[in-house]
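To keep things clear, I will list the structure first and then write my remarks on it.
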There are 2 protein chains.
Amino acid sequence: MSSSTAAPKLNPERIFTTLFAYQQTFALKAAVELDLFTAIGEGANDPALLAKRCQASERGVRMLADYMTVQGFLRKENGKYQLTQESAVFLDRRSPACMGSMGNFLADDTNVAHFSRLSDAVRKGGTASDAGDNSKPLNDRWVGFAKSMGPMAVPMAGVLTQMVKSSGERPIRVLDIAAGHGMYGITVAKNLPNVHVTAMDWPAVLEVAKEHAKTAGVADRFSTVPGSAFDANLGEGYDYVFLTNFLHHFDIPTNEMLLGRFYAALKPGGKALTVEFVPNEDRVSPPMAACFSTVMLATTDAGDAYTFAEYQKMFSATGFKNCSLHDVPDLPQRIVEAEK
Amino acid sequence: MSSSTAAPKLNPERIFTTLFAYQQTFALKAAVELDLFTAIGEGANDPALLAKRCQASERGVRMLADYMTVQGFLRKENGKYQLTQESAVFLDRRSPACMGSMGNFLADDTNVAHFSRLSDAVRKGGTASDAGDNSKPLNDRWVGFAKSMGPMAVPMAGVLTQMVKSSGERPIRVLDIAAGHGMYGITVAKNLPNVHVTAMDWPAVLEVAKEHAKTAGVADRFSTVPGSAFDANLGEGYDYVFLTNFLHHFDIPTNEMLLGRFYAALKPGGKALTVEFVPNEDRVSPPMAACFSTVMLATTDAGDAYTFAEYQKMFSATGFKNCSLHDVPDLPQRIVEAEK
């Protein structure tokens, strides 16, 4: 025994930390729910001030703020808390890039329940829930998605803007499949005045997207097609189809059937732009894309984080050509581009 | 857009990863439940072999094993999985140091449910559950603890052995409070033939400890006191009282009352050895000890990860002297020693 720290050797700390990792999720969710980051950003920087501002106990906010400090989302000096640059930008509600709401979908009760039955999903090869084929309108869930996940779309929508911009200044029609919050298409329309977006999703979800279109000032260039990608009347002659976080929900034959429908909706030379977690062929890199296949295992019947080779095959089988993969610096997702 | 990776800049990846952190917990639990690590250790090194060995789907084990590879618990080369040194030692069921069972307590439904209501706990200043004072015999929970958490005790019990050994070769009597699995006292008794352990816990929990004592070959030097630390007849004249992961459940006045009972049970010169998560005075380091206060917030009415200054005060207030703190290299917990 000694009071000094020995050189690191094999110990079970990482296993312990992993078995407690769920606490990181719930602590961040709680801090966002209690508006802790906004409160600290506004100057409530010790437990007494935070307790008053967050309508919580001093003991509770002290423990939560200390936890957030250990996780690197706050700094603590002489008993006073400060935001980090990361939390000021992404967790203070007053920041335009605030992403705090994402926890309401990424770690909602449904997702957590699905994961708590992961052994069953591994045995079965698909979600242990009975609502895993994602073809039915689970309104609560996808309205929740639409209300929570918009902020995550915005940086990638900037990249889509650049791709659509290359088509020039003539009128451009974009079909946004399973649009959810609608923020991919809406952001592109906001950036490019010659773009008209048609958003397809279940009616209750489209109500959220319509609100977002109104707020963004593009309601006059925003139409909707209520229904499912499986049977809605999509129309035709589009310049672009956006497939954002959509194809991962289904198996390859289903995707090929759906891609056939999207192909038919494009005009010749039109393009499908697919935003996805695309792991490398080794399926264990890059980390976030590779881990996403387990999210699909836990929550869908037969979805996956497909590799680019798999996307190439699916798109080719449906008639698309010139399939290419685009890495996007600083974002965990990639874009698969394919042409009619 | 480019195919190269830009220098890291501010992005929300860490927030996304934190909101998905619960998945790390459930994936590790599932891998242990399915005996994935043992299977790979035994040579089932691809999805087809693993599916057969783990009685699961090939698709499911592929996704889970890839996830475990990303998390660093496996290696994957040319489609074949291998254990890392860490998983071979701590996650292969055949290893004597296997800690896989810990997930059954650290991330059981009760703990996860407590954390899913962390906002309420922060508001209230204690667990949002109604069973938070830990004075009642929650048999299912603490029998589960006793069955799962023994492996974690063994390395620290080696350190306790060294401390007890310093008392020499005369008969030594150890009182192990809220013994649970009993592995602190049992390991010390196994290492030192002059040690007799009296384990106190609720009767259903003691049944687990008795089994462990039998397996360790020390049943003839292992007695039990069924009941609660609040009211059991503890006896007297002990050389040592072990307080392992016990005092964190209660507030300071309760601890002082309990310490008075343990003081009375010691002989003059006897020692209390407390194994605990003890954060530094800043309460945000070291990481695991500092985070533990949030576990107490979520799961108890008034427990905490106390600092050494707080322990010193509690022990002094009860009559103990020579209170000292011992860091233990490579283990996240510390030992507080105090003398009668």
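The values are calculated or read from the model by the stated rules, or taken from the named source; none is laboratory data. Keep in mind the model is a prediction, meaning the values are calculated, not measured. In this analysis, Cβ positions are derived from the backbone assuming ideal geometry, glycine residues included, and neighbour counts consider all displayed protein chains. Heavy atoms of the whole protein, side chains included, go into the accessibility calculation; ligands, DNA and RNA do not. Shrake-Rupley method; radii C 1.70, N 1.55, O 1.52, S 1.80 Å.
Annotation note: of B:V205, B:V174, the sole residue that is β-branched (V, I, T) and farther than 28 Å from B:G126 by Cβ is B:V174.
Of all residues in the range A:290-302, those being touching a Phe, Trp or Tyr at 6+ places or on another chain (Cβ under 6 Å) and open to solvent by less than 10 Å² (accessible area, probe 1.4 Å) number 2.
Condition check ((1) more than 19 Å from B:N134 (Cβ to Cβ); (2) open to solvent by 10 Å² or more (accessible area, probe 1.4 Å); (3) at pLDDT below 95; (4) not acidic (D, E)) across all residues:
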residue	(1), (2), (3), (4)
B:G150	yes, no, yes, yes
B:T161	yes, no, no, yes
B:I177	no, no, no, yes
B:G182	no, no, no, yes
B:E207	yes, yes, no, no
B:K210	yes, yes, no, yes
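Considering (1) surrounded by 23 or more Cβ atoms within 10 Å (Cβ to Cβ); (2) facing chain A (nearest Cβ under 10 Å); (3) in contact (Cβ under 8 Å) with a residue 40 or more places away in the chain, say which one B:F37 fails and leave the rest. The single condition B:F37 does not satisfy is (2). Within the range A:150-183, the residues that satisfy the criterion of being without any contact (Cβ under 8 Å) to a residue 40 or more places away in the chain and either of a type in the set (V, I, T) or assigned to a helix (DSSP H, G or I) (or both) are A:A157, A:G158, A:T161, A:Q162, A:K165, A:M183. Among the residues of the range A:62-71, just one is facing chain B (nearest Cβ under 7 Å) and closer than 14 Å to B:A302 by Cα, namely A:M63. All conditions in (1) open to solvent by less than 30 Å² (accessible area, probe 1.4 Å); (2) in contact with a helix residue (DSSP H, G or I) (Cβ under 6 Å, 6 or more places away or on another chain) hold for A:F145, with the sole exception of (1). Residue check, B:M183 against (1) within 14 Å of chain A (Cβ to nearest Cβ); (2) within 15 Å of the chain's Cα centre (by Cα), all met but one. Which one? Status for B:M183: all satisfied but (1). The set of residues in the range A:40-58 that are more than 9 Å from every other protein chain (Cβ to nearest Cβ), out of contact with any Phe, Trp or Tyr (no Cβ under 8 Å at 6 or more places or on another chain) and open to solvent by 30 Å² or more (accessible area, probe 1.4 Å) comprises A:G41, A:E42, A:G43, A:A48, A:L49, A:K52, A:R53. Note on the range A:303-327: residues that are of a type outside the set (D, E) and surrounded by fewer than 20 Cβ atoms within 10 Å (Cβ to Cβ) total 14.
Yes/no matrix, rows are residues, columns are (1) within 12 Å of chain B (Cβ to nearest Cβ); (2) in contact with a Pro (Cβ under 7 Å, 6 or more places away or on another chain); (3) small (G, A, S):
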{"site": "A:V278", "(1), (2), (3)": "no, no, no"}
{"site": "A:R283", "(1), (2), (3)": "yes, no, no"}
{"site": "A:A309", "(1), (2), (3)": "no, no, yes"}
{"site": "A:Q312", "(1), (2), (3)": "no, no, no"}
{"site": "A:P329", "(1), (2), (3)": "yes, no, no"}
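Once the range A:237-285 is narrowed to residues that are within 30 Å of B:G72 (Cβ to Cβ) and free of Cβ contacts under 8 Å to residues at least 12 places away in the same chain, the residue that is most open to solvent (accessible area, probe 1.4 Å) is A:D282.
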